Amino acid sequence: MKKKQSYENLPVWTESLDLVKDIYLLTSIFPEEEDNLLVRKLQKQAIEIPTNISKAMLNEEDRIQYLKAANLNIVEIQTVLFISQKLGFIEAKDVEKINNKIDRIDTDLQGLVQKLSRR
């Protein structure tokens, strides 16, 4: 019987946990008068990335689907970050910092999808 790969050992999973922390820190600077829709959206999508990665590693049948869902979470984060910047809630440097981390996660996710697709 083949041993399941632990998601906790995947660099992309630990990187995505760091992204969650970064998103929470970033959203803490949003103005109080903001109705929290953007804050909740960013936080939820950030949390969904490591969640979907862990689901992928535990569910062989739907593995690729969960990894693609994590990629969609990334796209939503990027979109909400740009909206937040346009509204003046965050600065371009904040968006760039998060996007650099997201790019690394996205690259690792794509590599994982390719690796698992070959199996």
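Any chance the range 26-40 includes a residue that's under 21 Å from Asp103 (Cα atoms) and surrounded by fewer than 18 Cβ atoms within 10 Å (Cβ to Cβ)?
No - not one qualifying residue is present in the range 26-40.
Results for (1) in contact (Cβ under 8 Å) with a residue 12 or more places away in the chain; (2) of a type in the set (S, T, N, Q), shown as yes or no for each residue.
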position	(1), (2)
Leu72	no, no
Glu76	yes, no
Ile83	yes, no
Lys93	no, no
Asn99	yes, yes
Ile102	yes, no
Ile105	yes, no
Asp108	yes, no
Gln114	no, yes
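When the residues of the range 34-59 are narrowed to those that are free of Cβ contacts under 8 Å to residues at least 12 places away in the same chain and outside any helix (DSSP H, G or I), which ends up farthest from Gln114 (Cα to Cα)?
Checked the range 34-59; the qualifying residue farthest from Gln114 (Cα to Cα) is Asp35.
Kindly indicate whether Glu91 is out of contact with any Ser or Thr (no Cβ under 9 Å at 6 or more places or on another chain), more than 20 Å from Asp108 (Cβ to Cβ) and not hydrophobic (A, V, I, L, M, F, W, C).
Yes, satisfied.
Which ones in the range 1-25 are surrounded by fewer than 15 Cβ atoms within 10 Å (Cβ to Cβ), outside any loop (DSSP other than H, G, I, E, B) and modelled with pLDDT under 90?
The answer is Glu8, Asn9.
Given the criteria under 18 Å from Lys44 (Cα atoms) and among the small types (Gly, Ala, Ser), does Ser84 qualify?
Working: under 18 Å from Lys44 (Cα atoms): yes; among the small types (Gly, Ala, Ser): yes.
So Ser84 fits the description; yes.
For the range 82-115, what are the residues that are within 24 Å of Pro31 (Cα to Cα) and either in contact with a strand residue (DSSP E or B) (Cβ under 8 Å, 6 or more places away or on another chain) or small (Gly, Ala, Ser) (or both)?
Ser84, Gly88, Ala92
Please work out which residue is nearest to Gln65 (Cα to Cα), limiting yourself to the range 89-119 and to residues that are modelled with pLDDT under 95 and small (Gly, Ala, Ser).
Ser117
The values are calculated or read from the model by the stated rules, or taken from the named source; none is laboratory data. On a predicted model such as this, the values are computed, not experimentally measured, just so you know. When we count neighbours, we look across all protein chains shown, and the Cβ atoms used for this are built from the backbone with ideal geometry, even at glycine.
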